[in-house]
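J.: Sending over a structure as structure tokens; questions will come in a sec.
The values are calculated or read from the model by the stated rules, or taken from the named source; none is laboratory data. This one's a predicted model, so the numbers in the text were calculated from it and none came from an experiment. Glycine gets a Cβ as well: all are built from the backbone with ideal geometry, and neighbour counts include every protein chain shown. For accessibility, only protein heavy atoms count, side chains too; no ligands or nucleic acids. Shrake-Rupley method; radii C 1.70, N 1.55, O 1.52, S 1.80 Å.
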Amino acid sequence: MPSLTIGGASLAYDDIMPPGEPGRTVVLLHGFASNRAEGWRRTGWYGAFERRGMRVIGIDHPGHGESGKPHDPAAYERAHMAHAMLELLDVLGVGRCDLIGYSMGTRTAIAMALSAPDRFSNLILGGVGGRMFEPSDPARAEALVGAMLADDPDSIADPLLRSFRHFADEQGEDRQALAAFSEAPNPPPARESLAALPMPVLVVAGQRDHLAGDPEELARAFADGRSVTVAGCDHFSAIPHALTKAAVFDFLDGLLDDPFEGRF
């Protein structure tokens, strides 16, 4: 397991080089309570990119997977994590690349793109939509912390929070670290900042993903945004779905030319 400590953050990662010279590089950022192996390898994304001759870099967020797991919420400030991941790309010799985040990982991806907009050829945001602009809800964050720390997961009344807790248990994640992650400030992005990003952006979410909201609403915030809604999928079933992969590869290949019109 390769890992580096950068700015106090221990980051575990995969760096998969294809045979010969890679055509392009993609960086993958997973969602909350997941990790690079579950979010990207098991769901077939690593293999799909490898078959296209791309260099694949999957990173475990701090507090997740095999990365460091501090129990201090200050360690999970978004700007700090984004800076550490950009430094990791420097160490790995990654120049201009494609950046993909899913769910929680989209917020880190956006922070990275805002910090270094010329570094990313394309930005792909999965499992998110218009609800990203809603103000942070302290009660919701407190409920997520409670779900991570509950002695009995079946005592969690909210079905979505119970799903996240069961998922964290299945992955063997450090629930105290996830609770600290949930306590870190997480303000919504400013629309004017997103509008200034120069790269093409794809926003893709499942039709039944009520956690995300409307992907088109978020896509419209970007100067060059496109949206795709994957029919029949919710927040958890969209990421492994073949239609999500089809949307991403069509976007990377320049086949989604009409903004806001994608529907699979």
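J.: Just the residues that are open to solvent by 50 Å² or more (accessible area, probe 1.4 Å) and under 20 Å from the mean Cα position of the chain (by Cα), please, taken from region 16-26. Let's see the steps before the verdict.
T.: Step one: list which residues in region 16-26 are open to solvent by 50 Å² or more (accessible area, probe 1.4 Å), which gives 17, 19-21, 23-24.
Arg24 - this is the single residue of region 16-26 that is open to solvent by 50 Å² or more (accessible area, probe 1.4 Å) and under 20 Å from the mean Cα position of the chain (by Cα).
J.: Looking at region 217-238 only, could you name the residues that are of a type in the set (A, V, I, L, M, F, W, C), closer than 16 Å to Phe251 by Cβ and in contact with a helix residue (DSSP H, G or I) (Cβ under 7 Å, 6 or more places away or on another chain)?
T.: Within region 217-238, the subset of a type in the set (A, V, I, L, M, F, W, C) is 218-219, 221-223, 228, 230-231, 233, 236, 238.
Cutting the leftovers down to closer than 16 Å to Phe251 by Cβ gives us 218-219, 222-223, 228, 230, 238.
If the condition is that a residue be of a type in the set (A, V, I, L, M, F, W, C), closer than 16 Å to Phe251 by Cβ and in contact with a helix residue (DSSP H, G or I) (Cβ under 7 Å, 6 or more places away or on another chain), then Leu218, Phe222, Ala223, Val228, Val230, Ala238 are the ones that fit.
J.: I'd like the full set of residues that are of a type in the set (Gly, Ala, Ser), part of a loop (DSSP other than H, G, I, E, B) and under 27 Å from Met17 (Cβ atoms), limited to region 52-95. Steps first, answer last, please.
T.: Our first condition is that a residue be of a type in the set (Gly, Ala, Ser); within region 52-95, this holds for 53, 58, 63, 65, 67-68, 74-75, 79, 82, 84, 93, 95.
Those left that are additionally part of a loop (DSSP other than H, G, I, E, B): 53, 63, 65, 67-68, 93, 95.
Selection gives Gly53, Gly65, Ser67, Gly68, Gly93, Gly95.
J.: Select from region 184-209 the residues that are under 16 Å from the mean Cα position of the chain (by Cα) and not in a loop (DSSP other than H, G, I, E, B) and list them in ascending order.
T.: Val201, Leu202, Val203, Val204, Ala205, Gly206
J.: Look through region 219-249, keep the residues that are within 27 Å of Ala141 (Cβ to Cβ) and touching a Leu at 6+ places or on another chain (Cβ under 7 Å), and return whichever of them is surrounded by the most Cβ atoms within 10 Å (Cβ to Cβ).
T.: For region 219-249, the residue satisfying everything is Phe222.
J.: Tell me which residues, restricted to region 96-106, are open to solvent by less than 60 Å² (accessible area, probe 1.4 Å) and either polar (S, T, N, Q) or in a loop (DSSP other than H, G, I, E, B) (or both). Step through it out loud before you land on a result.
T.: In the first step, residues of region 96-106 are kept if they are open to solvent by less than 60 Å² (accessible area, probe 1.4 Å); the result is 97-106.
The answer is Ser103, Thr106.
J.: Residues being touching a residue at least 40 places away in the same chain (Cβ under 8 Å) and open to solvent by 40 Å² or more (accessible area, probe 1.4 Å): count how many of those fall in region 201-218. Lay out the reasoning, then the answer.
T.: Taking region 201-218 as the starting set, the residues that turn out to be touching a residue at least 40 places away in the same chain (Cβ under 8 Å) are 201-206, 209, 211-218.
With the extra rule that they be open to solvent by 40 Å² or more (accessible area, probe 1.4 Å), the set shrinks to 211, 214, 216-217.
Qualifying residue count, region 201-218: 4.
J.: Considering only region 107-137, state which residues are farther than 21 Å from Val248 by Cα, touching a residue at least 40 places away in the same chain (Cβ under 8 Å) and assigned to a loop (DSSP other than H, G, I, E, B).
T.: Once the filter is applied, which keeps residues that are farther than 21 Å from Val248 by Cα, touching a residue at least 40 places away in the same chain (Cβ under 8 Å) and assigned to a loop (DSSP other than H, G, I, E, B), region 107-137 yields Glu134, Pro135, Ser136.
J.: So Ser193 clears everything in (1) modelled with pLDDT of 95 or more; (2) more than 22 Å from Pro135 (Cβ to Cβ) except one condition, right? Which one?
T.: The one condition Ser193 does not meet is (2).
J.: Right, something else. All but one of (1) closer than 18 Å to Met199 by Cβ; (2) of a type outside the set (S, T, N, Q); (3) open to solvent by 10 Å² or more (accessible area, probe 1.4 Å) hold for Glu87, so report the exception by its number.
T.: That leaves (1) as the condition not met.
J.: Another question about this same structure. Kindly list the number of the only condition in (1) part of a loop (DSSP other than H, G, I, E, B); (2) open to solvent by less than 40 Å² (accessible area, probe 1.4 Å); (3) farther than 23 Å from Pro117 by Cβ that fails for Phe181.
T.: Unmet for Phe181, out of (1) part of a loop (DSSP other than H, G, I, E, B); (2) open to solvent by less than 40 Å² (accessible area, probe 1.4 Å); (3) farther than 23 Å from Pro117 by Cβ: (1).
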